[in-house]
Amino acid sequence: MLQVDGLNTFYGGAHILRDVALVVGAREVVALLGRNGAGKSTTMRSIMGLVRPRSGRVRYEGRAIAGWPAYKVCRLGLGYVPEDRRVFRALTVLENLEVGRRAARGEGPTWSVEALFGLFPNLAERRRAPAGQLSGGEQQMLTIARTLMGQPRLVLLDEPSEGISPRIVEDMVGVLGRMKQAGVSVLLSEQNLHFARLVSDRAVILEKGTVRFEGTFAALDRAPDVARETLAV
């Protein structure tokens, strides 16, 4: 689904990503791990075209998209859930979902409002409530649901467990499992190693904008020094 090679991204004169490489396969959840400032969000923004990389390749389903504007990337079937959620606070849950609606693509999963209410029962109960009245966890769910209304085949999900209750985090485990079963691939940016283990097939660890590890969690367990040096607080 997604292949990134030799990605270098700068903010002004600051070299943030250094030859980042990763792959996400069909129906796969890949965790992008690292401390704050490691480059996880910049990697996602570079893939989505929100930040223009200085060099490197980004291929989605075989098509080179590095440097494309975000709206064109989105139209190909990539969805992006930012860390800061960005719900429309004055609009209801239903209205927020309608903002994200796109026609079915003819291939891959198709999501309707009712299907998403089945995936997020909390949102179904509050469908007519303004998004600004939702809890942080409910707003996170709404942002994911709104992204799925765009009928993506691959979703970039930035820090979904950050700042939400343990119960909502547990719900999120089930949500990601059902997304995967439906055929959605996910690149998941996370600091929560336990959560990432529960939902992901493989891990990519960034440290100071450089890939330090890529592989299964079983392989990561055989390299405890890597986890300690790159993930421990």
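Kindly indicate which of Leu157, Leu176 is under 22 Å from Gly77 (Cβ atoms) and either more than 15 Å from the chain's Cα centre (by Cα) or assigned to a strand (DSSP E or B) (or both).
Values: Leu176 fails: either more than 15 Å from the chain's Cα centre (by Cα) or assigned to a strand (DSSP E or B) (or both).
Exactly one of Leu157, Leu176 is under 22 Å from Gly77 (Cβ atoms) and either more than 15 Å from the chain's Cα centre (by Cα) or assigned to a strand (DSSP E or B) (or both), namely Leu157.
Among the residues making up the range 109-123, those that are surrounded by 16 or more Cβ atoms within 10 Å (Cβ to Cβ) and in a loop (DSSP other than H, G, I, E, B) are Pro109, Trp111, Phe120. Candidates in the range 124-138 are the residues that are assigned to a helix (DSSP H, G or I) and farther than 16 Å from Leu176 by Cα; of these, the one that is nearest to the chain's Cα centre (by Cα) is Gly136. Picking from residues in the range 36-60 that are more than 17 Å from the chain's Cα centre (by Cα) and among the charged types (D, E, K, R), the one that is nearest to Ala14 (Cα to Cα) is Arg54. Among residues of the range 12-24 that are under 20 Å from Gly62 (Cα atoms), those with a beta-carbon under 6 Å from a residue that is of a type in the set (Gly, Ala, Ser) at least six positions away or on a different chain give the pairs Asp19/Gly6; Val24/Ser185. The conditions of being under 22 Å from Val211 (Cα atoms) and either touching a Pro at 6+ places or on another chain (Cβ under 9 Å) or hydroxyl-bearing (Ser, Thr, Tyr) (or both) are not met by Arg54. Considered as a group, the residues in the range 14-45 that are out of contact with any Ser or Thr (no Cβ under 9 Å at 6 or more places or on another chain) and modelled with pLDDT of 95 or more include one that is nearest to Gly177 (Cα to Cα), and that residue is Val23. If only residues of the range 214-233 that are in contact (Cβ under 8 Å) with a residue 60 or more places away in the chain and not in a loop (DSSP other than H, G, I, E, B) are counted, the one that is farthest from Val20 (Cα to Cα) is Thr230. The number of residues in the range 183-207 being in contact with a strand residue (DSSP E or B) (Cβ under 8 Å, 6 or more places away or on another chain) and not in a helix (DSSP H, G or I) comes to 15. In summary, Asp171 fulfils each of the numbered conditions (1) closer than 30 Å to Asn36 by Cα; (2) surrounded by 21 or more Cβ atoms within 10 Å (Cβ to Cβ) with the single exception of condition (2).
Does the range 53-63 contain at least one residue that is closer than 29 Å to Ile16 by Cβ, assigned to a loop (DSSP other than H, G, I, E, B) and free of Cβ contacts under 8 Å to residues at least 24 places away in the same chain? Checked against the condition, which is being closer than 29 Å to Ile16 by Cβ, assigned to a loop (DSSP other than H, G, I, E, B) and free of Cβ contacts under 8 Å to residues at least 24 places away in the same chain, the range 53-63 yields at least one hit.
Residues in the range 83-108 that are surrounded by fewer than 18 Cβ atoms within 10 Å (Cβ to Cβ), assigned to a loop (DSSP other than H, G, I, E, B) and not small (Gly, Ala, Ser): 10 in all.
The values are calculated or read from the model by the stated rules, or taken from the named source; none is laboratory data. Not measured: the values here are computed from a predicted model. As a convention, Cβ positions derive from the backbone with ideal geometry for all residues, glycine included, and neighbour counts pool all protein chains shown.
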